[in-house]
Each structure stands twice: as C-alpha cells, then as structure tokens.
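Chemist: Right, I'll just put the structure down here and ask away after.
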Amino acid sequence: MVNFLLVWLGQFVSVIGSRLTGFALGVWTYQHTHSVTQFALIYLFTYLPGTLLSPIAGTLVDCYDRRKVMIASNCGSGLSSLVMAWLFFAGRLETWQIYLALAVVSTCNILLFSAYTAAITLLVPKQHFSRASGLVQLAQAASQILAPMLAGMLVITIQVQGVLLIDCMTFLFALATLLYVRFPKPEGSSKSSVRKESLFQDMAIGWKYIATRSGLLGLLLFFTIPYFTLGTLETLFTPMILSFASTAQLGLILSIGGVGWLSGSLCISFWGGPKRRIYGVFTFVILQGLLLFLGALKPSIPIAATGIFGYLFAYPILLSCSQAIWQSKVPPNFQGRVFGVRYLIEHLPPPIAYLTVGILADYIFEPLFASGGLLTSSVGQIIGVGPGRGIALMFILVGTINILATVAAYRYPRLRLVEDELPDMVGH
C-alpha cells in the first residue's frame, strides 16, 4: 500500500491545483459573459475530449507502462497551465484559447485517469479496492473543500494567472512522486502481443468483454443516469445559487459540498462499503435523487448547502461501490481497454448535459418563471418565481428521473445479481 499512498498523495496535491484553476476560470468566464451557455462550455471542453478519447487511452494504458503514461500526462497538463498563465500575464488570453487549453488538459487527464485506475489493482490488495477508491474520492473531496475558498482569495490577490502558476507547481509535485515509485506489471500482460492488433481491435476487445456480461452492461448503462445528473448539477448549480446569493456565499456552499464529499470518502474508506456493493449503488443514487428534488424547492442558502452536502456525501460511496465491482470482475491485463470503453459510455452524458441544459435553462425553463411566465401562477406558487427558479424545476425533474431509473434497474435481475453471477477475476 505504501507505493499507492505515495502516488495518491501526488495526485491529491495535483487535483487541488486543477480545481483551483477550474473554479477561477469558471467564475471569471461567467462574470464576464453572464451566460449559462458560455459557462457550460468550460465544463464541455474540460470533459468532452477526454471522454471521446477514453477507449484509445485505455488501450494505450494496456500497451505501455502505466507509470510512464502518468508521467507524460502530468507533464502535458502542467505545460498547458503554464501556457495559459503566460497568455494571462501578456494580456492576450481569449475565451477560445481557454477552451483549447482545457481540451489539451482533458486529453492528458484521461490518459492519467486510465493509468491511475488500472494501476490500483496492481498496487492494492483485492480486499482494499473499495477503500482505495474511497481514498481517491477523498482527495477529490478535500480539493472541493479547499479550492473554492482558496481560489476566491487567490483570484483577488494574485489573479487568475497566479492560480495557474500554482497549478503548475502542483503538477511538479505529482511528477516527483511518480518518478520515485515503481509499478509492478500486470500478470499476463504482453506489450508485443497487444501491439500486433490494431487500435480498433483492442477497443473492440474492451467492448466485447462488457457486452457479453449482461450484469456489467446493465451497470454501465445505469451509471449514465447519475453521470448526466452530475453534468446538470455542474452546469446549473452555480447560476442558480448566484441568482439569490453572492460569489462569497457560493464559495462557502461549494466548500460545504466538499465537506460532504470528504465525509463520504472517509466513510467508504473506513467502512469499505456494504457486503453487496450493488445495493450501495442503488441506495445512494436514490438518496441523490431525493436531495435534488427537495433542495430545489426553495431559494435558500441553508437548503442549498444541505442538499449539496448530502449529494456529494453519496457520490464517493456509490462510485467506490461500482468501481470495486468492476475491478473485481475484470482481469488486470484487460482493465485498460475495458475501463476505457466504460469511461466513454459513462461520461458521454455530462458533455450532453453541458451542451443542452444551459440552452434549456436560458431559453425555456427560466422564461417560464420570469414576470408573466407560463408557470408563475401554478408551479411558481410552490417553488417561487424569478431568476433561478426555472433551473430549480430542472433539478426537481432530474431528481425524479434518478429515483425512477434506480427502481427500474433494481428490477433487472442480471444487474441486481451481478456480484453473484460473475466470478471474481482478481485474486487475493
């Protein structure tokens, strides 16, 4: 576990830097454009390139040394942040350049994520897979707490370019840990045999492994729902909160959400998850749906903070339960390819959300609750009227979809019994 913890520490510091940059660029873009659609494009270019390239990244991870892939990815992301910082200092940075730089970072990050995820099964004993995934989520959660508060202060004192330079330094720290650690090779791996096949054949192997196992296919398709929900939340939460609160209050609410994420990560790290992990997935997706429904009923800072705390508390638990199932049911020497295909399908819904929900909010749902809007005298009497209330209705609808989708998934026996029907492919 020592090598894993060293790698984890380096990635933890790097994630803090990345979230500092993400928060600073997101708030800067929204305050300069006052457009939900423009704000959503930050998330689109952060995730879409990596999502589309995930099967290729997974195949490359199975072909090459996973440590070297992580090193190259860290270098690429750090260089991109450095270029953005230079453009900011020179006063030459434009919005399209931010999108382009984020696309480069997204490409590097998917290579890093694929190698990092596949390396866990090499560095961690099987019985600790859920705990290791919990630690990964803990790093994400801690960064969610620290980044909004720090970024809010740093943008004022050292501006966005200073935040980008801090991001570069965190990449250097992560690089140092990777240079120190050595990864064992997966059993049964053979670079030469993998290279004889074409890239598309390798990706087909990953898809075939999933498609011939109905339980894993069902789990994969089910997770498109919570991931679409997450994309919706990332796109619309900030505009909804800013409709009745200040930027400082937004940072506080996001930090409270980070505390929820941290609490959930600590919970799954020490607990290890339920014996039947699929029940952990079902339970916490339903909880998220309820919190989205209830948290949007009223424009209130305490209600919003409570809702985001609970939503992000559930997130690392359901994610770790799912990850442990995949890591147990897929052989280590296939995980890069299988996880690459899995990542593509699971993470396509967030970019779809980034492209659509901002437009729906700006042109359909928000006008319904504006002065003289069609729903002001009906639904508006329950959830309120004015800016942000159309977004609130969207959250209510998405929360309801989460609950109904979970009920439908539970009724599918191949998914409900996936842990019993598929043998474990990773030994103790």
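Each row is one residue, and each column tells you yes or no for (1) within 17 Å of the chain's Cα centre (by Cα); (2) outside any helix (DSSP H, G or I); (3) within 25 Å of Leu164 (Cα to Cα).
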residue: Ala72; (1), (2), (3): no, no, yes
residue: Ala85; (1), (2), (3): no, no, yes
residue: Asn109; (1), (2), (3): yes, no, yes
residue: Ala119; (1), (2), (3): no, no, no
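Chemist: Another question about this same structure. Among the candidates Gly280, Gly231, Gly257, which residue alone is assigned to a helix (DSSP H, G or I), in contact with a Cys (Cβ under 7 Å, 6 or more places away or on another chain) and not hydroxyl-bearing (Ser, Thr, Tyr)? Step through it out loud before you land on a result.
Modeler: Working: Gly231 fails: in contact with a Cys (Cβ under 7 Å, 6 or more places away or on another chain); Gly257 fails: in contact with a Cys (Cβ under 7 Å, 6 or more places away or on another chain).
On inspection, the qualifying residue turns out to be Gly280.
Chemist: Considering Ile308, Ile325, Ile303, Ile286, which residue is assigned to a helix (DSSP H, G or I) and under 17 Å from Gly134 (Cβ atoms)?
Modeler: Only one candidate qualifies: Ile325.
Residue by residue, here is whether (1) under 24 Å from Gln159 (Cβ atoms); (2) in contact with a helix residue (DSSP H, G or I) (Cβ under 8 Å, 6 or more places away or on another chain); (3) of a type in the set (Ser, Thr, Tyr) holds:
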{"site": "Trp8", "(1), (2), (3)": "no, yes, no"}
{"site": "Gly17", "(1), (2), (3)": "yes, yes, no"}
{"site": "Tyr30", "(1), (2), (3)": "yes, yes, yes"}
{"site": "Thr33", "(1), (2), (3)": "yes, yes, yes"}
{"site": "Thr46", "(1), (2), (3)": "yes, yes, yes"}
{"site": "Thr51", "(1), (2), (3)": "no, yes, yes"}
{"site": "Pro55", "(1), (2), (3)": "no, yes, no"}
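Chemist: Give the residues of the range 57-74 that are open to solvent by less than 10 Å² (accessible area, probe 1.4 Å) and among the hydrophobic types (A, V, I, L, M, F, W, C), sorted by residue number.
Modeler: Hits for the range 57-74 are Ala57, Val61, Met70.
Chemist: Out of Leu53, Leu20, Leu25, Leu44, I need the residue that is at pLDDT 75 or above, within 27 Å of Pro331 (Cα to Cα) and either open to solvent by 50 Å² or more (accessible area, probe 1.4 Å) or assigned to a helix (DSSP H, G or I) (or both). Which one?
Modeler: The match here is Leu53.
Chemist: Which count do you get for residues in the range 272-295 that are closer than 20 Å to Leu415 by Cα and either without any contact (Cβ under 8 Å) to a residue 24 or more places away in the chain or open to solvent by 20 Å² or more (accessible area, probe 1.4 Å) (or both)?
Modeler: 9
Chemist: A further question on this structure: Counting just the residues of the range 79-100 that are at pLDDT below 85 and open to solvent by less than 20 Å² (accessible area, probe 1.4 Å), which one comes out farthest from Ala174 (Cα to Cα)?
Modeler: Ile98
Chemist: Let me ask another. Looking only at the range 332-366, how many residues end up being open to solvent by less than 60 Å² (accessible area, probe 1.4 Å), more than 30 Å from Ala211 (Cβ to Cβ) and over 23 Å from the mean Cα position of the chain (by Cα)?
Modeler: Residues flagged as open to solvent by less than 60 Å² (accessible area, probe 1.4 Å), more than 30 Å from Ala211 (Cβ to Cβ) and over 23 Å from the mean Cα position of the chain (by Cα) within the range 332-366 amount to 3.
Chemist: Checking Val104 against (1) modelled with pLDDT of 85 or more; (2) crowded, with 23+ Cβ neighbours inside 10 Å, only one condition comes out false. Which one?
Modeler: Result: Val104 passes all but (2).
Chemist: Residues in the range 242-265 that are closer than 27 Å to Trp8 by Cβ and either among the polar types (S, T, N, Q) or surrounded by fewer than 18 Cβ atoms within 10 Å (Cβ to Cβ) (or both): how many?
Modeler: Qualifying residue count, the range 242-265: 3.
Chemist: Residue under question is Gly390, and the condition is that it be within 24 Å of Ala304 (Cβ to Cβ), open to solvent by less than 80 Å² (accessible area, probe 1.4 Å), part of a loop (DSSP other than H, G, I, E, B) and touching a Pro at 6+ places or on another chain (Cβ under 9 Å); does it hold? If you could, list the steps in order and put the result at the bottom.
Modeler: Numbers: within 24 Å of Ala304 (Cβ to Cβ): yes; open to solvent by less than 80 Å² (accessible area, probe 1.4 Å): yes; part of a loop (DSSP other than H, G, I, E, B): no; touching a Pro at 6+ places or on another chain (Cβ under 9 Å): yes.
For Gly390, the condition - within 24 Å of Ala304 (Cβ to Cβ), open to solvent by less than 80 Å² (accessible area, probe 1.4 Å), part of a loop (DSSP other than H, G, I, E, B) and touching a Pro at 6+ places or on another chain (Cβ under 9 Å) - is not met.
Chemist: Conditions first: (1) buried (at least 20 other Cβ atoms within 10 Å of the Cβ); (2) more than 18 Å from Arg342 (Cα to Cα); (3) in contact (Cβ under 8 Å) with a residue 24 or more places away in the chain. Asn109 passes all but one, so which condition is the exception?
Modeler: Just one mismatch for Asn109, condition (2).
Chemist: Are there any pairs with C-beta distances below 7 angstrom linking a residue in the range 212-227 that is over 9 Å from Arg414 (Cβ atoms) and in a helix (DSSP H, G or I) to a residue that is hydroxyl-bearing (Ser, Thr, Tyr) and open to solvent by less than 30 Å² (accessible area, probe 1.4 Å), with the two at least 6 apart or on different chains, and if so which?
Modeler: Leu219/Ser322
Chemist: Now for a separate question. Six or more apart or on different chains, Cβ atoms under 7 Å: show the pairs whose first residue is in the range 296-315 and closer than 11 Å to Ile241 by Cβ and touching a residue at least 60 places away in the same chain (Cβ under 8 Å) and whose second is aromatic (Phe, Trp, Tyr) and open to solvent by 20 Å² or more (accessible area, probe 1.4 Å).
Modeler: Short answer, once both residue conditions are applied: Pro299/Phe244.
Chemist: Given the residues Gln137, Gln144, Gln161, which is the only one that is touching a Pro at 6+ places or on another chain (Cβ under 6 Å) and modelled with pLDDT under 75?
Modeler: Only one candidate passes the filter, namely Gln137.
The values are calculated or read from the model by the stated rules, or taken from the named source; none is laboratory data. Everything numeric here is computed off the predicted structure, so don't read it as measured data. Every residue, glycine as well, gets a Cβ built from its backbone with ideal geometry; the counts of neighbours run over all protein chains shown. In case anyone asks, the SASA skips ligands and DNA or RNA and just uses the protein heavy atoms, side chains included. Shrake-Rupley method; radii C 1.70, N 1.55, O 1.52, S 1.80 Å.
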